[in-house]
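Asks: The structure follows.
The values are calculated or read from the model by the stated rules, or taken from the named source; none is laboratory data. Fair warning: this is a prediction, and the values are worked out from it, not measured in the lab. Note that we place each Cβ from the backbone using ideal geometry, even for glycine, and neighbour counts take in every protein chain shown. Surface areas here come from the heavy atoms of the whole protein model, side chains and all, with no ligands, DNA or RNA. Shrake-Rupley method; radii C 1.70, N 1.55, O 1.52, S 1.80 Å.
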Amino acid sequence: GYVLKPSILMMKEETEPRSTHLEVKILSGSCLPKPYGLSTGECIDPYVKISLFDCHDGKEVESSQITNHVFKNGFSPIWNFEDSFHFDVKNSSVAVMQWTVMDKNSLPKDDEFIASASVPISCMRQGIRSVQLFDQNMTRSGAFDFASLLVMVTFEESQAEI
């Protein structure tokens, strides 16, 4: 199968893209595996990098924000409920949000990838949602069967101003 282009890209006449203000809170994680799905080793110190990939004026725009790390808790980490991340989405029909869970190490360059998920903004719904996580090969098998994040999404849609 294939994915159709968004209708805004297929229209002959120019239309204004829908812009959205998005607020995301990372509430908790569940069953986060060790890096590379290993079963032995030390407990992980997970943190989440939230990235928004968008398109504005024909150029790709990326913005990222990072949560604090949770010390030695990969099974059910809970992040600070007061921390919220704000994103201005310029074209919600093509924008994609990516959640990447990393294991914090002593040197930032040594942080290890744990899991990730990407969701188009057009498919996101407001409220508390479970985001199913995938390994680096985008599969959900073995240690990744039940890995997920619990997030709270709030957004306000408006027509873009020219």
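Asks: Any residue in the range 90-112 that is closer than 19 Å to Ile26 by Cα and in contact (Cβ under 8 Å) with a residue 24 or more places away in the chain sitting within a Cβ distance under 9 Å of a residue that is among the basic types (Lys, Arg) and open to solvent by 50 Å² or more (accessible area, probe 1.4 Å)? List the pairs, counting only those 6 or more apart or interchain.
Replies: Listed pairs, sorted by first residue: Gln98/Lys49; Trp99/Lys49; Thr100/Lys49; Val101/Lys49; Met102/Lys49.
Asks: Could you grab the pairs with beta carbons closer than 7 Å, sequence gap of 6+ or different chains, first residue in the range 24-44 and among the charged types (D, E, K, R), second one assigned to a loop (DSSP other than H, G, I, E, B) and open to solvent by 50 Å² or more (accessible area, probe 1.4 Å)?
Replies: Going by the 7 Å Cβ cut-off, the qualifying pairs are Lys25/Phe81; Lys25/Asp83; Lys34/Gly41.
Asks: Can Ser19 be described as of a type in the set (Ser, Thr, Tyr) and either touching a residue at least 60 places away in the same chain (Cβ under 8 Å) or out of contact with any Ser or Thr (no Cβ under 7 Å at 6 or more places or on another chain) (or both)?
Replies: Numbers: of a type in the set (Ser, Thr, Tyr): yes; either touching a residue at least 60 places away in the same chain (Cβ under 8 Å) or out of contact with any Ser or Thr (no Cβ under 7 Å at 6 or more places or on another chain) (or both): yes.
The answer is yes for Ser19.
A quick yes/no check of all residues on (1) modelled with pLDDT of 80 or more; (2) touching a Gly at 6+ places or on another chain (Cβ under 9 Å):
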position: Gly1; (1), (2): no, no
position: Leu4; (1), (2): no, no
position: Glu16; (1), (2): no, no
position: Leu27; (1), (2): yes, no
position: Lys34; (1), (2): yes, yes
position: Cys43; (1), (2): yes, yes
position: Pro46; (1), (2): yes, yes
position: Cys55; (1), (2): yes, no
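Asks: Pull up the range 32-62, narrow it to residues that are under 27 Å from Pro120 (Cβ atoms) and aromatic (Phe, Trp, Tyr), then point me to the one that is surrounded by the most Cβ atoms within 10 Å (Cβ to Cβ).
Replies: Tyr47
Asks: Continuing with this model, one more query. What number of residues in the range 29-66 are within 26 Å of Ser141 (Cβ to Cβ) and polar (S, T, N, Q)?
Replies: 4
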